[in-house]
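Computed from the coordinates by the stated procedures, all read-outs in this text should not be read as laboratory data. Because the structure is a prediction, the values reported are computed rather than measured. Neighbour counts run over all protein chains shown; Cβ positions are idealised from the backbone, glycine included.
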Amino acid sequence: MREEMTAALKASDRVRLGALRMLQTAIVNREKEVLHELSDDEVREVAAGEVRKRTESIEAFDAAGRTELADKERAEREVLRAFAPEPLDEAAVDALIEEAIASTGASSLGDLGKVMGAVMSQAKGRVDGAAVQAKVRARLSGGP
């Protein structure tokens, strides 16, 4: 990441440099929280969180008609995606949900927490929790 920051600095790419600096700050803050140096997987989880924040900001800026800020967030999100894990496709998410339901013995919405915990621990930042929760709710309430 330091090499990327140096290259962005030399190229005067302010958006890229800013996004990388924000990621570096998020990593350092996370290391202070957990009191150890982050592993590569943990760094990817932090990057996935930063990508998620940019996506939420883009939606808010678009809704408010602030296209210039939304465009800046989109550019930053693209930079950060290089450091985030590849997102899981729908079929993989569905398979994780089915596996979690089977392993936890879930049968009703009361078991939502157990299933979500199992799915999210397997997904490790590669899925949107809200989307997974909606799928799990539908599945536990008798949906497809």
**Message:** As an exercise, take the mean of 1/r over every pair of distinct alpha carbons in the stretch 90-140, invert it, and state the Kirkwood radius in angstroms.
**Reply:** 10.4
**Prompt:** Under the Karplus relation 6.51 cos²θ - 1.76 cosθ + 1.60, θ = phi - 60°, what is the ordered set of whole-Hz ³J(HN,Hα) values for the stretch 100-109, x standing for Gly and Pro?
**Reply:** 5, 5, 5, 6, 8, x, 5, 9, 8, 4
**Fill in**
Taking a straight Cα-to-Cα line shorter than 26 Å from residue 10, and setting aside same-chain lysines fewer than 8 residues away, one finds 72
**Item:** Spacing of the two label points (7 Å from each Cα toward its C-beta) at residue 107 and residue 55, in nm
**Value:** 3.4
**Fill in**
Computed about the Cα centre, the charge dipole of the chain from +1 Lys/Arg and -1 Asp/Glu charges at the Cβ has a magnitude in debye, to the nearest 20, of 340
**Fill in**
With a ≥ b ≥ c from the Cα gyration tensor eigenvalues, square-rooted, and the rule rounded for a/c under 1.5, otherwise prolate when a/b > b/c and oblate otherwise, the stretch 2-81 is oblate
**Selection from 113, 19, 1 lying farthest towards where the dipole of the chain points positive, charges on Cβ** = 19
**Fill in**
Using alpha-carbon positions, the gyration tensor of the chain gives root eigenvalues a ≥ b ≥ c; with a/c under 1.5 called rounded, otherwise prolate if a/b exceeds b/c, else oblate, the class is prolate
**Message:** What's the magnitude of the charge dipole for the stretch 2-81 around its Cα centre, counting Lys and Arg as +1 and Asp and Glu as -1 at the beta-carbon? Answer in Debye, nearest 20.
**Reply:** 300
**Using θ = phi - 60° and Karplus 6.51 cos²θ - 1.76 cosθ + 1.60, couplings along the stretch 134-139 (whole Hz; Gly, Pro as x)** = 4, 5, 5, 4, 4, 5
**Request:** Would you calculate a helix-derived [θ] at 222 nm for the chain, using -39,500 (n - 2.57) for each DSSP H run of n ≥ 4 and dividing by the full residue count, to the nearest 500?
**Result:** -24500 deg cm²/dmol
